[in-house]
Amino acid sequence: MTALLEVRNVSRFFGGVTANLDVSFSVDQGVVLGLIGPNGAGKTTLFNCITGFYPPSRGEIFFEGQRINGFPPDKVCRLGMARTWQKVRPLAKLTVLDNTVVGALCHTNSVPEARQIALEQLRVVGLEKRANVLAGGLPIGERKKLELARVMATKPRMILLDEVMGGLNARESEEIIGLILDVKKRGLTQVVIEHDMKAIVRTCDRIVVLNSGEKLAEGSPQQIVNDPRVMAAYLGDSGGAKA
Amino acid sequence: MAVFLQSALSGILIGGVYALTGIGLTLIFGVMRVINFAQGDLVMVGMYCTFWLFVLLGIDPFLSVVLTMPALFLLGALLQRTLINRVLDALPQNQILLTIGIGLVLSNTAMLVFTSDYRILSTSYSSSSVALGVIRLSTPLLFCFLITGVITAALYWFLVKTDTGHAIRATAQDRDAAQLMGVNVRFMGVLAFGLGSALAGAAGALVAPIYYIYPQVGGAFTLKAFVVVVLGGMGSIIGAALGGILIGMSESLAAVYIAADMKDLCVYVIFLLVLLLKPSGLLGKSRM
Amino acid sequence: MRTFLPWAVAAVALALVPLWVQSPYALHIFILLFLAIALGESWNIIGGFAGQYSVGHSAWYGLGAYGAFILLQRKAIAPWFGVWVAIAAAVIIAVAVGWITFRLRGPYFVLASIAVAEIIRLAALNWKELTNGAEGILAADVPPLRLGGTVITDWNSKIPYFYMGLGMALFCIAVNFLVKRSKLGYYLQAIREDQDAAHSLGIPLTLSKNTGLAISAACTALAGGFAALYIGFIEPQGVFGIEVSIQMVLTCIIGGIGTVAGPVIGAVVVVLLSEALRASLSSAHLLVYGVLVIIVILTMPDGFVGFIAHRLRRKAAA
């Protein structure tokens, strides 16, 4: 069986700065992969490369066996790989429902049908009561849920979640963890960027650790937690100059 | 060869004026990130000031620069304080629309007060010229270029050597950092808009003896100022100076070698090409 | 259904106006109003829904006007047939231009749209064999409008223009409704709100914007052809000048951008105020636009419609 997503020797340079260097890993169907690493390790850059926001400088990316380097983001999404944003990006002047409808229109031309799909996804994340509120007026916790609903509405085979728990309180994080596990139960493949190690260990099957743009380690949560190099990288980060 | 030199040189001379309006625009953009669509209309106000100073008080147009510049500075500072300041955090499109509105008010008020008649400011030296080997340069254009050079040099000195100049440049480079370091960024905005308007006023005074003066003359100057600024790189003063001279030159060369009617067309085609191929402009990276 | 009822009532009421109103001046005002509505609604598709603030729509307006008149002058084709050729030309050029300029964002797109319109204006000014240059084209020998064998009108009164204008305005409003409720409408609004987020949700940016622009340019060219027929004379500055584009944009801004009712309200305000002040302003009539847009941007950035909706929402909440 081939992996759903395969990242092969991907590097990304910005001028003289190296954001990712020679990163390789693969994600099998149904797996939840955690992508962790200190600030500035190149996690979001890697997401941007995978989802087509900028092509990798070197290396290749395969989705379901198809090489997707240089595909624009909309094409990547229609192929079945959808992402959320670290800094949430609601379509502020559209309602919560319409935000989700936009996602649902990815695979249908019928607006009424898209509305059905959207309502369903809003129910899943528990936002159905807020359907007619303008998305710009939502508090942060609900915005994160909206991102999730919107992405799920595109009927993806794989989702990439960029810090969907960032800035949330304990109760809200717990809800999101529940949603991730729920999605996992339905067999959907996920790549999750997260800072909270406890959440990572609870949700992920495998973990990839990035440090200064390079892959530092890969393994099961148990292996990673006990890996001294990972500890060192994190300690180095908190001891170093933090912005 | 003489034809080439002649047209290239006159192009450079008129390019000085484009540079002046462009520098004003780029200064305002640099400090406030607002694209001022009323820039050309401020040039128009400068032209009328110069015209009336000449007709009513007999003040030479090139001398009147010392009066139009402060007057336009005040007008610009006032516009910034009362209107522009209130949309600094709005969508860029709304900022543009506000300055378009200001431009419409300026040009249409001029139409109400001065009618839409074309006026000509003619001085004793209006049609005289200076011989330079085989080429002849018009005296008013030559004066115009020299004064432009002096003003640009003075502005550059102000920005590089004085404390206030440093503060303006700091604001342009990083608004938040400048604020943290105690720069009054709001005041710098007023100052920048005032200075940008004063430069437009100076350009107006300098071209008053050369162009027809009428209420809608500003539109052409606004468009040309954009071309100059985009060519040089938004926010770059040296870029704007260079862009002005380049545009003046390509205009006058296109008029000679392609067709007189085609010169504006050439300018806009160059503009589009720069926008599409190198939107950061020729000197986009070096700022101020 | 409840959304359409007021529109249908207004349309029927307007259609009955010529039964009571015969004054050519009053009909003239209505025709100007219809033209302003059609132009505002046309711009609204790309500017309001998609947030692409083109200040170069005079290009499509002028192409509609010139296309219709050149075919009339050269080939004796009636403008109401010729305008469709003109619309096709406008759409083709618009899509070609869009393909290049839509990669630009924000103010850079605004500047590019102005440059394109200026290039087309200068081309019209200088291509004298085709356009007659700055002298412009006077409509001569407009044939009577026939249906079957019977002459419906020979264009001697304002009434046929009134109905034609009303039909055109309603058509543009209907197009706005259709676009807004379609997949394209969702896509354009998503692009307006956040281009990157839209892209990540599977929206093809350039294709969507170009489709919006094509529809917008087609409606604008239609209005341009109508305006040329009504005024009977066109010249480059009058139809391709930046003032035309600015009036289209400001009509929408003043009324409320991205809503179907906005351009209508904007057109009513702007046309009535301009007419009321015509005597005292004469050629400075754009002063009305300037003052209104300053007031609107500073005090109600979502236009009259947004302002009223906000008020209502507050009242409902209180």
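Here are the numbers for this structure:
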read-out: Shielding by partners, peptide A:102-108 (average Cβ within 10 angstrom, other chains); value: 5
read-out: Coordinate range along principal axes, alpha carbons of the stretch A:88-155, Å, largest first; value: 30, 22, 19
read-out: Residue order, fewest to most beta carbons within 10 Å, for B:Met262, C:Met168; value: B:Met262, C:Met168
read-out: Most mobile listed residue (C:Ser274, C:Ser282, C:Ser245) in chain C, GNM with C-alpha springs under 10 Å; value: C:Ser282
read-out: Violating pairs (Cα-Cα greater than 19 angstrom) within the set A:Lys75/A:Lys215; A:Lys155/C:Lys183; A:Lys87/B:Lys278; value: A:Lys75/A:Lys215; A:Lys87/B:Lys278
read-out: Separation of the B:Asn184 and C:Ala26 label points, Cα + 7 Å toward Cβ, nm; value: 5.9 nm
read-out: Order by protection proxy (mean Cβ within 10 Å, highest first), peptides C:205-217, B:174-186, B:76-88; value: C:205-217, B:76-88, B:174-186
read-out: Distance (nanometres) between label positions extended 7 Å along Cα→Cβ at B:Val269 and B:Asp60; value: 4.2 nm
read-out: Neighbouring partner chain Cβ atoms per residue of C:280-292, average, 10 Å criterion; value: 5
read-out: Inter-label distance for B:Asp89 and C:Ile295, nm, one decimal - labels placed 7 Å from Cα along Cα-to-Cβ; value: 2.6 nm
read-out: Calculated FRET value between C:Leu138 and A:Thr108, using beta carbons and R₀ = 51 Å, to 0.05; value: 0.45
read-out: Paired Rg and Dmax values of the stretch B:148-275, which use every Cα atom, in angstrom; value: 17.0, 54
read-out: Per-selection Kirkwood Rh - chain A (Cα, Å, 1 d.p.); value: 18.4 Å
read-out: Residue order, fewest to most beta carbons within 10 Å, for A:Asp227, A:Asp98; value: A:Asp227, A:Asp98
read-out: Euclidean distance between Cα centres, the stretch A:124-164 to the stretch C:104-144, Å; value: 47 Å
read-out: Loop chymotrypsin sites (Phe, Trp or Tyr not before Pro), the stretch B:108-157, which have at most 12 other Cβ atoms in a 10 Å radius of their Cβ (DSSP); value: B:Tyr118
read-out: Kirkwood hydrodynamic radius over Cα pairs of the protein assembly as shown, then Stokes diffusion coefficient at 25 °C and 0.890 mPa s, in µm²/s; value: 82 µm²/s
read-out: Sparse-neighbourhood loop sites, trypsin sites (Lys or Arg not before Pro) in the stretch C:41-112 - DSSP loop, at most 13 other Cβ within 10 angstrom; value: C:Arg105
read-out: Protection-proxy order for peptides A:27-39, B:42-54, B:189-201, A:120-132, each taking the mean of Cβ atoms within 10 Å per residue, highest first; value: B:189-201, B:42-54, A:27-39, A:120-132
read-out: Net length gained if the chain between A:Asn226 and A:Gln116 were fully extended (0.36 nm per residue, minus Cα distance); value: 35.0 nm
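Taken together, the values in this text are just the output of simple stated rules run on the coordinates, not laboratory data. Nothing here was measured: the structure is a model prediction, and the numbers come from that model. A quick note on method: Cβ atoms are made from the backbone with ideal geometry, for glycine too, and the neighbour counts reach across all protein chains shown.
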